[in-house]
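The values are calculated or read from the model by the stated rules, or taken from the named source; none is laboratory data. Small disclaimer: the values here were computed from a predicted structure and weren't measured. Every residue, glycine among them, receives a Cβ derived from its backbone with ideal geometry; neighbour counts consider all protein chains shown. SASA here: full protein model, heavy atoms, side chains in, ligands and nucleic acids out. Shrake-Rupley method; radii C 1.70, N 1.55, O 1.52, S 1.80 Å.
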Amino acid sequence: KNEREKLNSDLDILEEKNEALKQKLEQRGEDFKQDIIEFNDDAKEKEQSFEREFNHDMDELGTALKDIFKNNVE
């Protein structure tokens, strides 16, 4: 029972992170649409920076999901 509660808690945290990433991606999409009219070097740098940060966040989320199930099996 305690293990189930811990897993549910961990899953809730990961779902919150996933939702935050979705919102971040939506906002970036809107920002990108506004910047595309004046797509200059600054906008390109912002886009590249966002992509690096977003990919890093997604990698962390994937690792955390794997760890939840790995810890449950052990």
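Would you call D35 at pLDDT below 75 and assigned to a helix (DSSP H, G or I)? First the steps, then the outcome.
On the way: at pLDDT below 75: yes; assigned to a helix (DSSP H, G or I): yes.
Taking the combined requirement at face value, the residue satisfies it.
Could you give me the residue pairs with C-beta distances under 8 Å whose first residue belongs to segment 47-74 and is open to solvent by less than 70 Å² (accessible area, probe 1.4 Å), whose second residue is at pLDDT below 80 and aromatic (F, W, Y) wherever it lies, and which are 6+ apart or on separate chains?
Filtered contacts from segment 47-74: E47/F32.
Return the only residue of E3, E16, E26 being in contact (Cβ under 8 Å) with a residue 40 or more places away in the chain and assigned to a helix (DSSP H, G or I). Spell out the reasoning first.
On the way: E16 fails: in contact (Cβ under 8 Å) with a residue 40 or more places away in the chain; E26 fails: in contact (Cβ under 8 Å) with a residue 40 or more places away in the chain.
The match here is E3.
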